[in-house]
Amino acid sequence: MDIKKYLKDNVMVFELSGKLDVNTSPAVQDEIMVQIEPDCRIIIDMEKCDYVSSAGLRVLMIIAKQMAKVGGFGALVGLQEEIKDVMEMTGFDNLFIIHENIEQALVSVHKEEAI
Amino acid sequence: MIRVDTYPTHKYKEFNLRSGKPVPFGATIVPGGINFSVFSRHAKSCELVLFKKYEKEPYASIPFPDEFRIGNVFTMIVFDLDYENIEYGFKMDGPFNFNEGHWFNKEKILLDPYAKAIGGRDEWGKEPDWNNCFQYRSRIAFDDFDWEDDRPLEIPMRDLIIYEMHVRGFTRHSSSGVKYPGTFAAIREKIPYLKELGVNCVELLPIYEFDEFENSRISPVTNERLYNYWGYSTVGFFAPKASYAATGKYGMQVDEFKAVVKDFHKNGIEVILDVVFNHTAEGNENGPYISFRGIDNKTYYMLTPEGYYYNFSGCGNTLNCNNPVVRNMILDCLRCWAAEYHIDGFRFDLAAILGRNQDGSPMHNPPLLETLAFDPVLGKCKLIAEAWDAGGLYQVGAFPSWGRWAEWNGKYRDDIRKFLKGDEGFSGAAAQRLHGSPDLYNRHYRGTCASINFITCHDGFTLKDLVSYNYKHNEANDENNNDGSNDNYSWNCGVEGETDDDGINFLRRKQIKNAISILMLSQGVPMMLSGDEFGNTQNGNNNAYCQDNEISWLNWNLLNKNYELFNYFKKIIVFRKNHPSIKSSEEEDYSTHLDNGYPKISWHGIKAWEADFSGTSRLLGMLCCGKGENGYDFIYTAMNMHWEMHGFELPNLPEGYKWHVFANTDAKAPNDIWEAGKEVILENQNQFLVGPRSVVILVGK
């Protein structure tokens, strides 16, 4: 698992590549959680993430819940079909705004700001 | 604040331990670790065996220190476990003495009876590694599902319309058009369909973890593998079947099933589980060690004085339900499903067993049934008994109820089937059944809602087969057609099985419509079998418990082909919803007449007000009268189960009211049933000629 992060239009983008599973999810959680603060804007780009285990899903959930708690805005981008399905089937999808690509996600995250 | 009790006090090898909490049983996430707790009255010692997920050999085995045992409970907290990634079991040491009922074997790794998630069998039908000594692995489940505003719907019993279905069979067929056929998730895709049909409750055949390979074999007739497909044989009472979940391979069956329940509730549909507490998957003396047998055989099973298993279930063993420990396990289990899964109710398989004493004798006031009736957590759950068992205890109408328990009314099924096929002399019985079986369920004590009315269920012919076969055709089950009931009270309408004969096919469709009309016009709670609404067939197999194939899977192509049936079902269900007078009477209102002088329900024959309950009668007229928002509501149903046409004199209506036709099963579609509110006024208000084997429903307005 490789975690790249960069700023785009004032939004922190985390680009994950590889497997998000029980071995790699703690690092992802540590890396992202410290960035969550009131009014933060975060996008998690998972286009290069080809596997998400239940542990990985739970990390995403913890991130989403923390985001909602402190009042930040986040979106997921580039989920592979099976992962998207798993999130939908297990009811995790309502925790995240899911977008096809970074551009859409940026628009939506900024929209939140306007509200 | 960091709590002091989050620090370990003991050490075993690299593991940090602390004495645990004896309750709740099972594995519970606590600060810093997992609290393990397991009961055994007769074990001398116990070990916790830990596995990395999917690995064959355990990576650790931790004995419960003797000072951690409290009473008959072994309990400890193990700190710093990667609980997302482990599976566990127990090893119990104790006496092995058949006559005493003790089966301890310290070599066997046992499933936690309280495991809330079970791994090891994540894909349906994938043949397991039989050399693996630990097939069913306890896992630690999270209870962090986001239910938002959901909770059980608490639909009143009188408004309930139950749809009985098999999770896998519902969508496994290629015609179902869903993404992940045969799974919990697939059911969600069909919710709009169920809403259109109009049912407001689904009753799922067993979803607790079970072993589809139990008694599995290849049928010499079809060369196909036979499975334990229905799943009436529990491995773990607290865990949903992993392979029913599309996400089972991710170990996310708990979340997937919760998402289904939540979605059902959002759409106004309740979820009832068919629960099997009468026996377990461990079978008889030759069965495997899975859990209970090795944990405390003598407590969990009913044993003969010589140590053999009593077999009141017909499945090898009998769970010792009225042992106080087992009773509590059942209670804990149901509470878990009600609280953690928001389940709306339970249907208890072979529930008469739950009323048997530890020696097998029927009890007067079985404590288990009483406990469930009054339990606070289950307080609003529906409790439905299959009020008989395989040991000959038949309690339909007499199941101990405390005003809480409803029953599958087997008498309803049999009497209506006989009436429907034209047996003479069943008009009186049909009237009782339509009336909510007051002969079985005392109106003042239990009320009509104690009666779950059904004509078909998973066990027996489908409705289509009920009108297509005189005899069962279970050859594919590999039991020489000896299995399954012989008392089907079915009639094939002239030819055994499929036919091109238009006349016969018309009659069959008519009989299906007659059946659903009677069911939906009966007081009590109607339950229909899934697929009956589009004429699903099992080709005459009336016991498809082992058929994981096209015999038992719903063929959705039939929905198009038989849309006429679906349309009829849909409209008759709406009709029931729109006319409270044909549902159960208000339980608090025992009056028999309305202020206009009409009885709420009255019986008629060829002549109005003169029902023929004689031994040769095949005719019955029923007039239901209620008070609607816009005045009185009259519904007259003429049931002619004779093979000849008969004129029914219509009861008089008050000034200003006229009879209108809502349904006439003798008419060709689309004139067989009308939209609510668009019923057609009758030219002749005095008499209706009811076709042979037909039901006519009129509304007076």
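For the condition surrounded by 14 or more Cβ atoms within 10 Å (Cβ to Cβ) and either more than 30 Å from B:Gly615 (Cα to Cα) or touching a strand residue (DSSP E or B) at 6+ places or on another chain (Cβ under 6 Å) (or both), what is the one hit in B:His660, B:His642? Full working, then the answer.
Values: B:His642 fails: either more than 30 Å from B:Gly615 (Cα to Cα) or touching a strand residue (DSSP E or B) at 6+ places or on another chain (Cβ under 6 Å) (or both).
None of the others qualify; the one that does is B:His660.
Applying the selection to the stretch B:38-54, what residues are at pLDDT 95 or above and either part of a strand (DSSP E or B) or surrounded by fewer than 18 Cβ atoms within 10 Å (Cβ to Cβ) (or both)?
Quick first cut of the stretch B:38-54, residues at pLDDT 95 or above only: B:38-51.
Result: B:Val38, B:Phe39, B:Arg41, B:Lys44, B:Ser45, B:Cys46, B:Glu47, B:Leu48, B:Val49, B:Leu50, B:Phe51.
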Counted residues in the stretch B:415-427 being open to solvent by less than 10 Å² (accessible area, probe 1.4 Å) and in a helix (DSSP H, G or I) come to 5
When you check B:Asn630 against the structure, is it out of contact with any helix residue (DSSP H, G or I) (no Cβ under 9 Å at 6 or more places or on another chain) and either open to solvent by less than 70 Å² (accessible area, probe 1.4 Å) or at pLDDT 95 or above (or both), yes or no? no
Hey, among A:Asp30, A:Asp21, A:Asp39, A:Asp45, which residue is under 29 Å from B:Gln253 (Cα atoms) and more than 14 Å from the chain's Cα centre (by Cα)? A:Asp21
Kindly indicate whether A:Glu37 is exposed (fewer than 14 other Cβ atoms within 10 Å of the Cβ) and in a helix (DSSP H, G or I). no
Check on B:Ala281, crowded, with 22+ Cβ neighbours inside 10 Å, modelled with pLDDT of 95 or more and more than 30 Å from B:Pro324 (Cβ to Cβ): no
Looking across the stretch B:175-207 at residues that are small (Gly, Ala, Ser) and farther than 20 Å from B:Thr456 by Cβ, the single one that is nearest to the other protein chains (Cβ to nearest Cβ) is B:Ala185
Scanning the stretch A:57-115 residue by residue, the ones that are open to solvent by 60 Å² or more (accessible area, probe 1.4 Å), within 13 Å of chain B (Cβ to nearest Cβ) and among the hydrophobic types (A, V, I, L, M, F, W, C) total 2
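Can you tell me which residues in the stretch B:12-31 are of a type in the set (Gly, Ala, Ser) and open to solvent by less than 50 Å² (accessible area, probe 1.4 Å)?
Those that are of a type in the set (Gly, Ala, Ser) and open to solvent by less than 50 Å² (accessible area, probe 1.4 Å): B:Gly20, B:Gly26, B:Ala27.
I'd like the residue in the stretch B:55-93 that is among the hydroxyl-bearing types (Ser, Thr, Tyr) and not in a strand (DSSP E or B) and, out of all such residues, is surrounded by the most Cβ atoms within 10 Å (Cβ to Cβ). Full working, then the answer.
Just the residues of the stretch B:55-93 that are among the hydroxyl-bearing types (Ser, Thr, Tyr), to begin with: B:59, B:61, B:75, B:83, B:88.
Those still in the list that are not in a strand (DSSP E or B) too: B:59, B:83.
On the way: B:Tyr59: 10, B:Tyr83: 16.
This residue is B:Tyr83.
Could you pull out the residue among B:Arg172, B:Arg151 that is more than 14 Å from chain A (Cβ to nearest Cβ), within 25 Å of B:Ser552 (Cβ to Cβ), open to solvent by 60 Å² or more (accessible area, probe 1.4 Å) and within 23 Å of the chain's Cα centre (by Cα)? Working first, answer last.
Working: B:Arg151 fails: within 25 Å of B:Ser552 (Cβ to Cβ).
After applying the criteria, what remains is B:Arg172.
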Among (1) under 19 Å from B:Asp423 (Cα atoms); (2) out of contact with any His (no Cβ under 7 Å at 6 or more places or on another chain), the one test that B:Lys668 misses: (1)
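Kindly indicate the residue of the stretch B:669-679 that is outside any strand (DSSP E or B) and touching a residue at least 24 places away in the same chain (Cβ under 8 Å) and also nearest to B:Asn578 (Cα to Cα) among those meeting that condition.
Filtering the stretch B:669-679 for residues outside any strand (DSSP E or B) gives B:669-672, B:674-679.
Checking the rest, the ones that are also touching a residue at least 24 places away in the same chain (Cβ under 8 Å) come to B:669-670, B:672, B:674-676.
On the way: B:Ala669: 22, B:Pro670: 21, B:Asp672: 19, B:Trp674: 14, B:Glu675: 12, B:Ala676: 8 Å.
Restricting to residues being outside any strand (DSSP E or B) and touching a residue at least 24 places away in the same chain (Cβ under 8 Å), the top hit is B:Ala676.
Just the residues that are among the polar types (S, T, N, Q) and part of a helix (DSSP H, G or I), please, taken from the stretch B:233-270. Give the steps one after another, and end with the answer.
Kept after step one, since they are among the polar types (S, T, N, Q), are these residues of the stretch B:233-270: B:233-234, B:243, B:247, B:253, B:267.
Selection gives B:Ser243, B:Gln253.
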Mind listing whichever residues of the stretch B:428-448 are out of contact with any Gly (no Cβ under 8 Å at 6 or more places or on another chain) and not in a loop (DSSP other than H, G, I, E, B)? B:Gly428, B:Ala429, B:Ala430, B:Ala431, B:Gln432, B:Arg433, B:Leu434
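Looking only at the stretch A:41-69, how many residues end up being farther than 15 Å from A:Phe96 by Cα and out of contact with any Phe, Trp or Tyr (no Cβ under 7 Å at 6 or more places or on another chain)?
Taking the stretch A:41-69 first, the residues farther than 15 Å from A:Phe96 by Cα are A:47-55.
Okay, now just the ones that are also out of contact with any Phe, Trp or Tyr (no Cβ under 7 Å at 6 or more places or on another chain), so A:47-52, A:55.
Total satisfying the criteria: 7.
Residue-wise test of (1) more than 19 Å from B:Gln523 (Cβ to Cβ); (2) among the hydrophobic types (A, V, I, L, M, F, W, C).
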site	(1), (2)
B:Lys600	no, no
B:Gly615	yes, no
B:Arg618	yes, no
B:Gly626	no, no
B:Glu644	yes, no
B:Ala663	no, yes
B:Ala667	yes, yes
B:Pro670	yes, no
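When you look at B:Val178, is it open to solvent by 10 Å² or more (accessible area, probe 1.4 Å), out of contact with any Gly (no Cβ under 9 Å at 6 or more places or on another chain) and without any contact (Cβ under 8 Å) to a residue 40 or more places away in the chain, yes or no?
Values: open to solvent by 10 Å² or more (accessible area, probe 1.4 Å): yes; out of contact with any Gly (no Cβ under 9 Å at 6 or more places or on another chain): yes; without any contact (Cβ under 8 Å) to a residue 40 or more places away in the chain: yes.
It is true that B:Val178 is open to solvent by 10 Å² or more (accessible area, probe 1.4 Å), out of contact with any Gly (no Cβ under 9 Å at 6 or more places or on another chain) and without any contact (Cβ under 8 Å) to a residue 40 or more places away in the chain.
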Of the numbered conditions (1) in contact (Cβ under 8 Å) with a residue 24 or more places away in the chain; (2) farther than 18 Å from B:Gly248 by Cα, A:Met87 satisfies every one except a single condition; which is it? (2)
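Name the residues in the stretch B:680-701 that are assigned to a loop (DSSP other than H, G, I, E, B) and surrounded by 20 or more Cβ atoms within 10 Å (Cβ to Cβ), would you? Show your work before the answer.
Going through the stretch B:680-701, the residues assigned to a loop (DSSP other than H, G, I, E, B) turn out to be B:682-686, B:691-693, B:701.
The answer is B:Arg693, and nothing else.
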Determine the pairs where a residue that is away from chain A (no Cβ under 14 Å), located within the stretch B:135-146, has a partner that is assigned to a loop (DSSP other than H, G, I, E, B) and surrounded by fewer than 16 Cβ atoms within 10 Å (Cβ to Cβ) with Cβ atoms under 7 Å apart, the partner being 6 or more residues away or on another chain. B:Gln135/B:Pro128
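Among residues belonging to the stretch B:363-392 that are small (Gly, Ala, Ser) and touching a helix residue (DSSP H, G or I) at 6+ places or on another chain (Cβ under 8 Å), point out the one that is most open to solvent (accessible area, probe 1.4 Å). Show your work before the answer.
Restricting attention to the stretch B:363-392, the residues satisfying the condition of being small (Gly, Ala, Ser) are B:373, B:379, B:385, B:387, B:390-392.
Now narrow it down to the ones that are touching a helix residue (DSSP H, G or I) at 6+ places or on another chain (Cβ under 8 Å): B:385, B:387, B:391.
Details: B:Ala385: 0, B:Ala387: 0, B:Gly391: 42 Å².
If we take residues in the stretch B:363-392 being small (Gly, Ala, Ser) and touching a helix residue (DSSP H, G or I) at 6+ places or on another chain (Cβ under 8 Å), then B:Gly391 is most open to solvent (accessible area, probe 1.4 Å).
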Please specify each residue of the stretch B:456-487 satisfying the condition of being assigned to a loop (DSSP other than H, G, I, E, B), closer than 20 Å to B:Trp643 by Cβ and either of a type in the set (Val, Ile, Thr) or open to solvent by less than 10 Å² (accessible area, probe 1.4 Å) (or both). B:Val467, B:Ser468
Only residues that are within 9 Å of chain A (Cβ to nearest Cβ), open to solvent by 10 Å² or more (accessible area, probe 1.4 Å) and either more than 19 Å from B:Tyr136 (Cα to Cα) or without any contact (Cβ under 8 Å) to a residue 40 or more places away in the chain (or both): list them for the stretch B:248-267, please. B:Tyr250, B:Lys262, B:Asp263
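The values are calculated or read from the model by the stated rules, or taken from the named source; none is laboratory data. This structure is a prediction, so every number in the text was calculated from the model and none was measured. All Cβ positions, glycine included, derive from the backbone under ideal geometry; neighbour counts span all protein chains shown. Surface accessibility is based on the protein's heavy atoms, side chains included, excluding ligands, DNA and RNA. Shrake-Rupley method; radii C 1.70, N 1.55, O 1.52, S 1.80 Å.
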